[in-house]
Amino acid sequence: MPQEKRMNRRTFLQNTAALSAGALVFPSIIPATALGKDGAVAPSDRIVLGCIGVGGMGTGNMRGFLEMDDVRVAAVCDVDANHLKNAKTIVDRHYQNKDCRKYHDFRELIARKDIDAISLATPDHWHAIPVIAAAESGKDIYGEKPLSHCLAEGRAMCDAVKRYNRVWQTGSWQRSVANFRFACELVRNGRIGKVHTVHVGLPSGHSVGGTKKDLIIQDPPDELDYDFWLGPAFYRPYFPARTHWNWRWQLDFGGGQLLDWVGHHVDIAHWGLGMDYDAPVEVEGTGEFPPDGPWDSPVRYRIHALYRNGVRMVIAGGYEDIKMGSKWIGEDGWVWVKRGDIDAEPKSLLKEKFGPGDIRIYKSTDHHRNFIDCVKSRAETITPCEIAHHSQTPGHLGQIAMVLGRKIRFNPETETIVDDLTANQMLRTPMRSPWHI
Amino acid sequence: MEINTMRRKWRIRVGIAAVIVAVLTGFALGQAAKGTEPASKIMDRLESALAKAADYDFGSSRVCLSEIEQIVQIVLNSPGLKESVEKRFIAFLRSDATIAGKQFICRKLSVVGSGASVPELSRMLKSEETYDMALYALTRIPSSRADRVLRERIPKVSGRFRLGLVNALGYRRDSKAVSLLETLIGEDPETTGAALSALGHIATPEAAEVLARVMEEADGPVRIEAMNAYLKYADRLVEDGRIEQALTIYRRFAVPDRVRAAALTGMIHARPGDARKIILETLRGDDSRMKTVALGHLSRCVRIENLKKIAKERNRLESHNQVQLLTALGVRGDRSVLPLVVEAVESEDEAVRVAAVKALAFLGDATTVDLLARLAAGEGVECEAARESLDRIHGEEVDEKIVNMLAGSDPEIRVELLRSMGERVMRSGIDTVLAYTRNSDRRVRVQAVRTAGLIAAPERLPDVIDALVRAESEPERQEGEKAIVAVARNIEDQENQARDILAAMPNVTVPETRASMLHVLGWIGDSNGLPVVRKSLDSDDPVIRKAGIKAMSDWPNSAPMEDLWRVAQAEGQKVDGVLSLRGYIGLVRRDRERPNEEKVGLYRKAFDLAKGLEEKRLVLSALGENRSLAALEMAGTIMDTPDLQPEAEVAVFQVARRIWRDHPGESAGLLEKVVEKTDNEELRAEAEDLIGRIREEM
């Protein structure tokens, strides 16, 4: 029986997502009133949204959704009462009422049947648990990058989103910006010939916010439920710079500059290569970890990844030869792109125009809008969960290779590291009781 | 979440120092990793580091921990040392070392530990203080002794201590834990949920049997949790190739909706070859929600061929499902359904019509050009979608059809066809397009010029210039200017980009057209054009003089700066003088080559010359971008001018934010003045924050 043959992850992806990734999707808007609940669209004219994690980024996303007439932000959730109060004020002021509900515990927000979708912007160690719970509850999800805190959590999130047919948009918003799309179309259409190497430049060091006194261990403030904030992560005593913003420099909660940024520039690199669903087969890397101080993520790093088609990717932070952004190097030239800038060789590529005979990739000009449109049409967003997972994978593998100090070989189909028990153990981080996925 | 775009109130500069220390450490590690360090020396280093780690507490120096991390990395690449290091770690855990030190060692044991570590970790499970760290290590250590310890401990504990053990067994996929976990179902909701989830992860037939029983017997949330876990098991069966067993499970699910939807998803993934049949059956049923799920798969599942049967179901579907169907048909790009999609363009439902038109972008061909052009020229809701589809439909014959249609079409449709020729980059159609720049209808002429700007090669620039010369109205001239600039900029030699324009100018007598050509020279900025622009400043015709000033103001470098200054000085408050001064300020502002201090000197000149408040405000706005002490001081002095105080305060803040690290005293001093004087509450708060930050660092 042909169907009885083993269906590995690659086969599955080829059977499903690859089609929509290659196609240009124009989500069509359906009047939301026409859709029933588990068709996942609101019973009213609007998509009802709950926002979990309303610090800086979460509030920014929330403001984006507030601007849309067909979205209603109905609830906000945070373990910091100050964040919560601020977010409710913004929402209530916008709608000129006092209807926005505050939640301390994301499970209560997710349990609300009238909420269609959530916007999630919690620290990385708090991504997988609420995402899986939201997917199981039938919510669509706009989730911040990096997708996951470790590779296994990313896989579990993708499986849940797939299993429950949820619409997912990752906050990798560079895909909705014209110069990134143009650069990728140049590469996809062979304007630089066959690509053999990609350079991905990311920031180095730690962009630390706060003052020295914020590093002094002390009791958590009353407004913060610190134990809930730690959640599945190991206990560590509180100091103010432990949490908001600076969590990303601590590997228990984030992944340093490397993981913070792979979801942008590796994501774009994959997009240009047409390898949204691919992952490297060999990864090695060196990292310089701070030997002292509160932060333990690498301050300088260089990762070399090899893909099965022979493409080599160098991901680096703190090396002058790898410029910030994504650079594809082909047999006939190169293209480099970052926020607000693009360059190419030959220069004439920068004036290139594409006609209908050229490959045109998915076009979105508004990342938040693209999510809402797809919630209504059930079409694939520009950055679905599976793509974000694959964008993240070289970062996770690079981190493991750096810590182990050796080359690792990866099987993209089974998502396991080949012949390396220790490295495989590091694909997943145990969670502090009672949390689990 | 990207880091550079977030607003930060304060920051500590530790990155550079950390990099330096890390580089040095990295060097030392490199030496050891090369295997040049004898084992005895490594163990000595470990002893020394562990002795210090025994006193480590949260918040104190991590240097000893970093040393241990380096040694662990060496050990992981030199297996001979692993056993000795593990023994030392176990001894450390038995010692009276600090809790923080033990937590760190447990993390390391989770990657270097073996069954030998299990007894000590098991002992630590019994203490509330060391439970989490021991469980962390036990969860990862690849030894059946760890499984046994976890199982044996479960009956002896409760609450979060039991939950952690249950979760760990699920994480480890311990098949021997199934019966134990079954006994926990029905206890408190958290324990029941954890046990069901663990069984879903374990995913053996025995675990599945337990889950199936719970599904039969339980109700409410417990039943749903069991279903979710059971679906995980079915998904794993599909991955393992045991499709029939998986299908049996998927078929069992009837309620609730979301689980049923997941089951339908599972069935399609399990048998992608049957996807068409499953989708058809679902569409012919009467469950609108499941239709939504099925149609979601239609756009994603590769192995669906012959879509006609599915497409023919459209009329039976509700409007929103029709939209989904048409969107999916478009994504799939199977042109056999084209007639059915064209039929949908006639639908009475607005949303369905738009979806059909959008789908034509992928399915359309030469036969749909007429339809799309008509819709694009119309006023219906489909108009924008029709334009986009017309621009994207594939095929040589499509281009040919567009050109052929031009001659016999109404002006409105002709405009759309010409517009699309530009978007489709139909360079071979340039002669046709240029011919339409002479059309009797102004709308057609304007669009033809616009399209020429998009597709004309540099050698056709004289033809595009000719279109401008013939222009009869301001909109035509404006389009002509843009088109000429677009084409001229494609000339490789930048010093030759104005050549054709300069050649054409002597024959141009209409002032408005000459003015347009001067504008073009300004945007291009070819130095060969500058003498002509200069000469225009001496013209008696105000239209030409104004065009010359505009051209100089738009110049891409500072070459005409002195010319503008002379006019500004000579003409003062007259229109030419004011426009020249504004242009001058703009050129200084955009000059990337000039040092900041020198720019401030020029701003000072402009500020002193300006009579109007608008020009003075323009200077303040430019000052705010300047990164120099001179800019700060100039903005600071203007704060005393009542009419300009608000703008000057903002400029002071903007400059201070850029230079305070180099000039903390001066920045803080003027910021305090802002705080004291300003009526702008937001600015005051920002300034106070910045003052606080400066004082922290001073």
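Read the figures in this text as sums done on the coordinates, not as results from a lab. Bear in mind that the values here come from a model prediction, so they are computed numbers and not experimental data. Neighbour counts are summed over all protein chains in view; Cβ atoms, including those assigned to glycine, are modelled from backbone coordinates with ideal geometry.
Mind checking the dipole of chain B: about its Cα centre, +1 per Lys or Arg Cβ, -1 per Asp or Glu Cβ, Debye to the nearest 20?
Details: 103 positive and 110 negative charges, 506 e Å.
It works out to roughly 2420 debye.
Decide, for the range A:305-437, between rounded, prolate and oblate: order the square roots of the alpha carbon gyration tensor eigenvalues as a ≥ b ≥ c, take rounded if a/c falls under 1.5, and otherwise choose prolate if a/b is larger than b/c, else oblate. Provide the component values of the computation, followed by the final result.
Details: a/c = 2.22, a/b = 1.32, b/c = 1.69.
Oblate, since a/c reaches 1.5 and b/c is not below a/b.
Cα to Cα, under 30 Å, and not fewer than 8 places away if on the same chain: which lysines meet these conditions relative to residue B:308?
A:5, A:37, A:162, A:363, A:376, B:277, B:291, B:358, B:401
Amide H of residue A:197: which non-local residues (sequence gap of 5 or more, or other chain) have their own amide H closer than 5 Å, using H built in the peptide plane?
Amide H to amide H, under 5 Å and 5 or more residues apart or across chains, residue A:197 pairs with A:312, A:329.
Ignore the peptide's own chain and count Cβ atoms of other chains within 10 Å of each Cβ in A:372-383; give me the average, rounded.
Values: counts 0, 0, 0, 0, 3, 10, 13, 9, 4, 0, 0, 0.
The shielding value for this peptide is 3.
Placing +1 at every Lys and Arg Cβ and -1 at every Asp and Glu Cβ, with all other atoms neutral, what dipole size does the range B:455-528 have around its Cα centre, in debye to the nearest 20? If you can, show how the numbers build up before the last one.
Details: 7 positive and 14 negative charges, 18 e Å.
The calculated dipole for the range B:455-528 is roughly 80 debye.
Shape of the protein assembly as shown from its Cα gyration tensor (a ≥ b ≥ c, root eigenvalues): rounded if a/c is under 1.5, otherwise prolate when a/b > b/c, or oblate? Numbers along the way, then the final one.
Numbers: a/c = 2.05, a/b = 1.33, b/c = 1.55.
It is oblate, given that a/c is not under 1.5 and a/b is not larger than b/c.
Have a look at B:565, B:273, A:265 and report the one farthest towards the positive end of the charge dipole of the protein assembly as shown, computed about the Cα centre with Cβ charges (Lys/Arg +1, Asp/Glu -1).
B:273
Looking at A:280, A:197, A:299, which one has the Cα that reaches farthest to the positive end of the dipole of chain A (charges on Cβ: Lys, Arg +1; Asp, Glu -1)?
Checking the options against the dipole of chain A, the answer is A:197.
Tell me what the protein assembly as shown gives for mean residue ellipticity at 222 nm when only DSSP H runs of n ≥ 4 count, each as -39,500 (n - 2.57), the sum divided by the residue total, rounded to 500 deg cm²/dmol.
Details: 54 runs with 626 residues, N = 1135.
Helix-only estimate at 222 nm: -17000 deg cm²/dmol.
Which pairs in the list B:550/B:605; B:550/B:616; B:87/B:108; A:194/A:327; B:52/B:126 are over 24 Å apart, alpha-carbon to alpha-carbon? Intermediate results must be reported in sequence, preceding the final value.
Values: B:550/B:605 21 Å; B:550/B:616 20 Å; B:87/B:108 12 Å; A:194/A:327 14 Å; B:52/B:126 26 Å.
Over 24 Å Cα-Cα: B:52/B:126.
Which one of A:273, A:215, A:251 has the biggest mean-square fluctuation once chain A is modelled by GNM with Cα springs under 10 Å?
Comparing A:273, A:215, A:251 in a Gaussian network model of chain A, the most mobile one is A:215.
Using a 10 angstrom cutoff on alpha carbons, build the Gaussian network for chain A and name the most mobile of A:154, A:317, A:193.
Answer for the Gaussian network model of chain A: A:193.
Quick one: what are the phi-derived ³J(HN,Hα) couplings along the range B:605-620, Karplus 6.51/-1.76/1.60 with θ = phi - 60°, whole Hz, x for glycine and proline?
4, 5, 4, 5, 6, 5, 9, x, 5, 4, 5, 5, 5, 4, 5, 4
Which trypsin sites (Lys or Arg not before Pro) in the range B:143-205 sit in a loop by DSSP (not H, G, I, E or B) and have at most 13 other Cβ atoms within 10 Å of their own Cβ?
Values: sites: B:145, B:148, B:151, B:153, B:156, B:160, B:162, B:172, B:173, B:176; in loops: B:172, B:173.
Listed in order of number, the matching sites amount to none.
Taking R0 as 25 Å, what's the FRET efficiency between residue B:312 and residue B:404 from their Cβ-Cβ distance, rounded to 0.05?
On the way: r = 33 Å, r/R0 = 1.31.
Rounded to the nearest 0.05, the efficiency is 0.15.
Whose amide H sits under 5 Å from the amide H of residue A:282, counting only residues 5 or more places off or on another chain, with H placed in the peptide plane?
Residues meeting the amide H criterion: A:306, A:410.
With unit charges on the beta carbons (Lys and Arg positive, Asp and Glu negative) and the dipole taken about the Cα centre of the protein assembly as shown, which residue among A:241, B:501, B:234 sits farthest to the positive side?
B:234
How much of the DSSP beta bridge set in chain A is antiparallel, as a percent to the nearest 5?
So the antiparallel bridges in chain A amount to around 55 percent.
Please turn the phi angles of the range B:352-362 into ³J(HN,Hα) values with the Karplus equation 6.51 cos²θ - 1.76 cosθ + 1.60 (θ = phi - 60°), one per residue in order, whole Hz, x for glycine and proline.
5, 4, 4, 4, 5, 5, 5, 5, 5, 4, 9
Hey, with R₀ at 25 Å, roughly what FRET efficiency would residue B:611 and residue B:566 work out to, going by the Cβ-Cβ distance, to 0.05?
On the way: r = 17 Å, r/R0 = 0.68.
After rounding to 0.05, the efficiency reads 0.90.
Kindly write out, for the range A:275-287 in residue order, the coupling ³J(HN,Hα) from the Karplus curve 6.51 cos²θ - 1.76 cosθ + 1.60 (θ = phi - 60°), rounded to whole Hz, with x marking Gly and Pro.
10, 4, 10, 10, 8, x, 9, 9, 9, 9, x, 10, x
Would you mind checking which residues have amide H under 5 Å from residue A:300's amide H? H placed 1.01 Å from N; only 5 or more apart, or other chain.
For residue A:300, whose amide H was placed from the backbone, the distant partners under 5 Å are A:205, A:288.
Say we join alpha carbon atoms closer than 10 Å with springs in a Gaussian network model of chain A; which of A:166, A:248, A:369 then has the biggest fluctuation?
A:369
Dipole magnitude of the protein assembly as shown about its Cα centre, charges +1 at Lys/Arg Cβ and -1 at Asp/Glu Cβ only, in debye to the nearest 20? Walk me through the intermediate numbers first.
Details: 157 positive and 164 negative charges, 479 e Å.
Here the protein assembly as shown has a charge dipole of around 2300 debye.
Which trypsin sites (Lys or Arg not before Pro) in the range B:494-575 sit in a loop by DSSP (not H, G, I, E or B) and have at most 15 other Cβ atoms within 10 Å of their own Cβ? List each step's numbers first, then the result.
Details: sites: B:499, B:514, B:534, B:535, B:545, B:546, B:550, B:566, B:574; in loops: B:574.
Here the sparse-neighbourhood loop sites are B:574.
State whether chain B is rounded, prolate or oblate according to the following rule on the C-alpha gyration tensor (a ≥ b ≥ c being the square roots of its eigenvalues): a/c under 1.5 gives rounded; otherwise a/b larger than b/c gives prolate, and the remaining case gives oblate. Let's see the in-between values first.
Details: a/c = 2.86, a/b = 1.36, b/c = 2.10.
Note, shape of chain B comes out oblate.
Express the C-alpha Rg of the range B:489-637 as a ratio against the empirical globular expectation 2.2 N^0.38 Å, rounded to two decimals. Before the final figure, lay out the partial values.
On the way: Rg = 16.4 Å, N = 149, 2.2 N^0.38 = 14.7 Å.
Relative to the 2.2 N^0.38 Å estimate, the range B:489-637 comes out at 1.11.
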